[in-house]
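Here is the structure we will look at.
The values are calculated or read from the model by the stated rules, or taken from the named source; none is laboratory data. What you see is a predicted model; the values in this text were computed from it and never measured. We place every Cβ from the backbone using ideal geometry, glycine too, and count neighbours over all the protein chains shown.
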Amino acid sequence: MTKEALLSMQIGETIFDAQIGHIHRVVGGWIYQFNSGGVFVPYSEPKPESDELTLETTEPKRRGRKPIITK
């Protein structure tokens, strides 16, 4: 079973692998079904491969009391 074959599965599809057993594609991941039970394997988006860290350059929210204006 290759990574590409797993990623190309559509939700609701089932395939059989001789080493693993049945693999069901479900919302959010896969279910690997063995003779003695099964396990849910969640799908996680691959992180972009970058050597540089990306930081947002937004100003932090200011917290504290608002000034009291007296007349």
> Out of the stretch 13-30, which residues are at pLDDT below 90, part of a loop (DSSP other than H, G, I, E, B) and not aliphatic (A, V, I, L, M)?
Replying inline: Q19
> Quick one: how many residues across the stretch 42-65 are closer than 14 Å to L6 by Cβ and either among the hydroxyl-bearing types (S, T, Y) or at pLDDT 90 or above (or both)?
Replying inline: 3
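Of the residues Q33, Q10, which is modelled with pLDDT of 85 or more, of a type in the set (S, T, N, Q) and surrounded by 10 or more Cβ atoms within 10 Å (Cβ to Cβ)?
Working: Q10 fails: surrounded by 10 or more Cβ atoms within 10 Å (Cβ to Cβ).
Being modelled with pLDDT of 85 or more, of a type in the set (S, T, N, Q) and surrounded by 10 or more Cβ atoms within 10 Å (Cβ to Cβ) holds for just one of Q33, Q10, which is Q33.
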